[in-house]
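Each value in this text was obtained by applying a stated rule to the coordinates, not by laboratory testing. Computed from a predicted structure; not experimentally measured. Heads up, the Cβs are rebuilt from the backbone with ideal geometry, glycines too, and the neighbour counts pull from every protein chain shown.
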Amino acid sequence: MAGKNDAFDELAAMDAARLSKELDDTYRQLFTLRLQVATRQLQNVKEINRTKRKIARIKTLQRQRELVTLGVSE
């Protein structure tokens, strides 16, 4: 379980610009993975779910930061 928190902590340590670039790169990776599935070149299909989760983590961090800047409390 510690691996999941480490991945999230690593993303949380990034600044907004780096996080945005990471999101773009991850979307490109997801596109490539989907292409590989379509052409039957992908060996490990679990990579697609891992990539989707990474996108969700990045978007969650971006939204949290947006809410903090707006001053919205939970």
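Name the single residue that is surrounded by the most Cβ atoms within 10 Å (Cβ to Cβ) among those in the range 1-13 being among the aliphatic types (A, V, I, L, M) and in contact (Cβ under 8 Å) with a residue 24 or more places away in the chain.
Per the stated criteria, the residue is 11.
Has the range 39-50 got any residue that is touching a residue at least 12 places away in the same chain (Cβ under 8 Å), in contact with a Ser or Thr (Cβ under 6 Å, 6 or more places away or on another chain) and among the hydrophobic types (A, V, I, L, M, F, W, C)?
So far as the range 39-50 goes, no, none of its residues is touching a residue at least 12 places away in the same chain (Cβ under 8 Å), in contact with a Ser or Thr (Cβ under 6 Å, 6 or more places away or on another chain) and among the hydrophobic types (A, V, I, L, M, F, W, C).
Here are 29, 62: which of them is in contact with a Lys or Arg (Cβ under 9 Å, 6 or more places away or on another chain), polar (S, T, N, Q) and in contact (Cβ under 8 Å) with a residue 12 or more places away in the chain?
Only one candidate passes the filter, namely 29.
If residue 40 meets every condition in (1) surrounded by 13 or more Cβ atoms within 10 Å (Cβ to Cβ); (2) among the basic types (Lys, Arg); (3) more than 14 Å from the chain's Cα centre (by Cα) apart from one, which number is that one?
(1)
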